[in-house]
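All of the numbers you see were taken from the coordinates with simple rules; none came from a lab. Remember, it's a predicted structure, so these values are computed and weren't measured experimentally. Ideal geometry is used to build each Cβ from the backbone, glycine not excepted, and the neighbour counts take in all protein chains shown.
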Amino acid sequence: MELNPAAAAAPPLPSQFPSIKAIPFAKVFRPRTPADAVDFTSKLLIYRPASRLTAIEALCHPFMDELRAEGGRLPNGRPLPPLFECVLPQPFITLFLTPHLT
């Protein structure tokens, strides 16, 4: 495989990048944004993958409570589709879900 000639001619990247101060997500979103939404987004956008929410943790986050509520409806008034009708093996539930549901 050949290297793209334009990439080979590009200047080298600096060995150190400037330090940029993080802006709290609460300041990025509108003031009326629910705290759960800000928390959920900030946990999904963590740079280090091992520190990010897993799919199961994301589904168990309080921001998702409305989707799991009995009789939930879409903004147009229609009922929600069956989002959580899945069968999980008991060891999976015990290992991954139980700590998030207590």
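Between residue 36 and residue 67, the simple spin-label model (points 7 angstrom out along Cα→Cβ) gives 1.2 nm.
What number in nm² do you get for region 1-53 if you take the convex hull of its Cα atoms and divide its surface by four? Let's see the in-between values first.
On the way: hull surface 27.6 nm².
Over every viewing direction, the Cα hull of region 1-53 projects on average to 6.9 nm².
The HN-Hα couplings worked out from phi for region 73-79 by the Karplus form 6.51 cos²θ - 1.76 cosθ + 1.60 (θ = phi - 60°) are 10, 6, x, 7, x, 6, x Hz, whole numbers, x standing for Gly and Pro. The label point for residue 50 and the one for residue 22, both projected 7 Å from the Cα toward the Cβ, are 1.7 nm apart.
Peptide packing: for 28-36, 59-67, 15-23, the average count of neighbouring Cβ atoms within 10 Å per residue gives the ranking 59-67, 28-36, 15-23, highest mean first.
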